[in-house]
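The values are calculated or read from the model by the stated rules, or taken from the named source; none is laboratory data. Worth saying up front: this structure is predicted, and the values here are computed from it rather than measured. When we count neighbours, we look across all protein chains shown, and the Cβ atoms used for this are built from the backbone with ideal geometry, even at glycine.
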Ligand SMILES: [Zn+2]
């Protein structure tokens with residue numbers, strides 16, 4: 001039995017789309033996810049251990065697509081979902097597949113590919129949305145119950161799409177797979193609609209509008225449609241919001257770098273005091289600014305985290321773990337953990353509306369980066385952490401207060 005509470009928590013932490021919708025929509029998504037789960041058989045294959053979390057995420061993906069519909073959002077015709085642990089050999093095509101929609105009312109997914117597609121939410125690759133888009137279209141073609149508005153606008157989208165493919169041979173906006181046939185065109189465009197809406201709108205507004213009418217989600221606000229660049233967030237007094245960050249890796253590196261360098265400079269000081277003192281000054285400054293300091297800058301729709309040069313070395317050693325500069329959209333920020341220490345040493349519940357200058361705060365931001373949970377510690381030396389935090393809480397990105405215990409604002 002899966003409870004609403006469990007659904008809400010899984011979606012809050014792992015489902016990027018959940019971050020983009022307001023509280024009413026979230027409640028609607030949770031309710032419909034539960035209905036979908038209750039009416040569907042989830043069948044694991046190849047020894048996969050299917051957990052509640054997996055079921056919730058797959059069901060929520062189906063309901064993400066139809067959240068704008070008033071009725072017929074439940075894919076009544078499709079009552080089985082088969083889940084493989086990874087890519088599987090399709091008995092129909094004899095090729096390895098990440099997912100498929102079977103016209104006998106079954107959807108098949110590779111969990112590994114589904115999860116990757118869902119958690120990286122800005123690359124227009126989402127096998128879950130892709131297959132559910134096929135399922136909806138199939139129900140429309142086969143005259144099953146579908147949303148009327150969807151059905152009407154889909155016809156329009158397909159008509160415009162045919163023209164578009166004919167008039168733009170070899171140079172379409174979407175990835176090439178979209179040219180396979182009109183069903184694939186729709187499924188791929190759906191992935192772009194949810195994951196790259198701004199680019200989609202700016203390149204192909206007519207197609208975008210038709211799909212927006214079909215899914216009825218109004219996914220881009222009027223402002224977002226025409227703003228080309230992310231703007232730096234400024235406070236009322238006009239200063240930009242930025243600060244330093246560090247991670248455990250940075251801190252360990254910092255200690256090692258200082259020990260090695262100061263040992264060396266100290267040794268020189270014994271031999272040549274003046275040169276030694278100059279080395280100590282320049283060296284420590286250099287280590288801080290070029291090897292250690294990492295910073296972040298808040299933009300209107302993302303956070304940019306800039307890593308120091310020392311990260312180049314780490315990049316060479318562990319190319320997949322870190323990157324020099326990462327841009328994290330707010331939808332991928334899961335929560336910010338706060339801890340405050342009063343000058344009497346006592347730790348207390350923190351109230352973000354009541355920022356106190358005599359209190360030391362430490363924060364860590366938890367976000368999804370390339371599908372992995374990543375933490376950045378915001379340095380307590382940052383001058384405007386209160387503004388950072390107030391801003392993130394206004395964006396509803398703050399979900400915690402004290403010593404890792406999560407409390408949603
Ligand atoms: Zn397809």
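Some points to look at:
- Meets criteria (part of a loop (DSSP other than H, G, I, E, B), assigned by TED's automatic domain parsing to the domain that holds residue 192 and in contact with a strand residue (DSSP E or B) (Cβ under 8 Å, 6 or more places away or on another chain)) for residue 50: yes
Rundown of residues vs (1) farther than 26 Å from residue 153 by Cα; (2) crowded, with 16+ Cβ neighbours inside 10 Å, yes/no style:
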position: 17; (1), (2): no, yes
position: 28; (1), (2): no, no
position: 39; (1), (2): yes, no
position: 49; (1), (2): yes, no
position: 56; (1), (2): yes, yes
position: 70; (1), (2): no, no
position: 78; (1), (2): no, yes
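- Top-ranked residue of region 142-151 - restricted to ones that are touching a residue at least 12 places away in the same chain (Cβ under 8 Å) and assigned to a helix (DSSP H, G or I), ranked as surrounded by the fewest Cβ atoms within 10 Å (Cβ to Cβ): 149
- Scan of region 81-94 for residues that are within 14 Å of the ligand (Cβ to nearest atom) and touching a strand residue (DSSP E or B) at 6+ places or on another chain (Cβ under 8 Å), ordered by number: 90, 92
- Listing of helices (runs of 4 or more DSSP H) fully contained in region 152-220 that carry 3 or more residues being closer than 17 Å to residue 138 by Cα: 182-195, 205-215
- Set side by side, the residues 101, 139, 118 differ, and just one is buried (at least 19 other Cβ atoms within 10 Å of the Cβ) and touching a strand residue (DSSP E or B) at 6+ places or on another chain (Cβ under 9 Å), which is 101.
- Picking from residues in region 95-121 that are within 21 Å of the chain's Cα centre (by Cα) and not in a helix (DSSP H, G or I), the one that is nearest to the ligand (Cβ to nearest atom) is 98.
- All told, residue 24 falls short of being over 16 Å from residue 109 (Cα atoms), surrounded by fewer than 19 Cβ atoms within 10 Å (Cβ to Cβ) and either within 20 Å of the chain's Cα centre (by Cα) or at pLDDT 95 or above (or both).
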